[in-house]
Amino acid sequence: MKLGPWALRTTYLRLALITLLLMAVASPLPVFAARKMLMQATLNPTQTDQGVNVAITGRVFDTVNSSIPNAVISIQVNNPQGTSVHLAIAYTDLGGSFQDTFFIGSNSPGGNYTAFLVADKPGYDTARVTLLFTYSSPDFALQTSVSALSLRQGETGTVSVTVLGLRGFHAPVNLTALELPAGVSLQYYPASIAPGGTVTVNVALSIFAATGNYTITLLGVSGSVSHKVSFQLNIAPGLIQVVYLFIAFIAILVLVLFLLLRRRGKQKRREAAVEELIKQSSADKGYVATARAIARLEELRAMERVDESTYLRLRKEYEKRLEKSK
């Protein structure tokens, strides 16, 4: 019996199907296995005043680097505490590319943000990518115009401090000084400044400020955030101090001379009073005159116009004279 063309075709198709079924049963791997799908992605942050915009860009392709269009990309972003802050679905274009964005506000917690990406398409294996992005909360920095300032005692100088805002920081910053040396005072114009501004710090030294090198530390505070910045202050002897010391020396010298002259004048007055007493007692050595001389001697002693040794000598002499006059 001879078969027609259509019967032959049917027979061949049956044989092919039986062969494929036998191969599927005998093979340890599926004959119609899903194709391998790969994915690459990156995070691109952009800083703003309100926080950070993060763009997710990527591409899906196969093992021979052929682009896979119309793949579904599931995106989930978790914050450092593990809480989901962003969910999205994206699709690959004809070139296998996709993109998405998420935003981290300036008041968001700092730390590592994790993006989980899953690519799916019928006929392909699932592709997964995990990306990390480290976010630091808004902050500020301080910068001085000079690293060292040299002044003489009694002089005044200035240092400029600039406040730099970081990652959208915009709150005002207050400046103060820590542990100033004796004789050093600071004034701030203005005392509070927003990021991007500059504070002029006037450094004033008294004429009594101790000479030497000092580290001046300034503290900037804004809420719970604080930072320090330092500069060196070199204090040299001042001309005013030299003049002051010279005037003080002259004043002390004049005072010493005045005291010496006063003492010398007082001594001369003592000597003159004693000489007058001796002269009077020598002219009249009678009992009454001698008694008057003793009274005058006591008066001079009470007025501290006769020294003790002279007093004792004359007193003894006049008492002998009184004995003889009786």
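Quick one: compute a quarter of the convex hull surface over the Cα atoms of region 168-228 and quote it in nm². Please report the intermediate quantities before stating the final value.
Values: hull surface 18.6 nm².
With the hull built on Cα positions only, its mean projection is 4.7 nm².
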Highest mean packing first, using Cβ neighbours within 10 angstrom, the peptides 83-89, 180-186, 228-234 sort as 228-234, 180-186, 83-89
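No lab work stands behind these numbers, since they all come straight from the coordinates. Given the structure is predicted, the values throughout are model-derived calculations rather than measurements. FYI the Cβ positions are ideal-geometry reconstructions off the backbone, even for glycines, and counts take in every protein chain you see.
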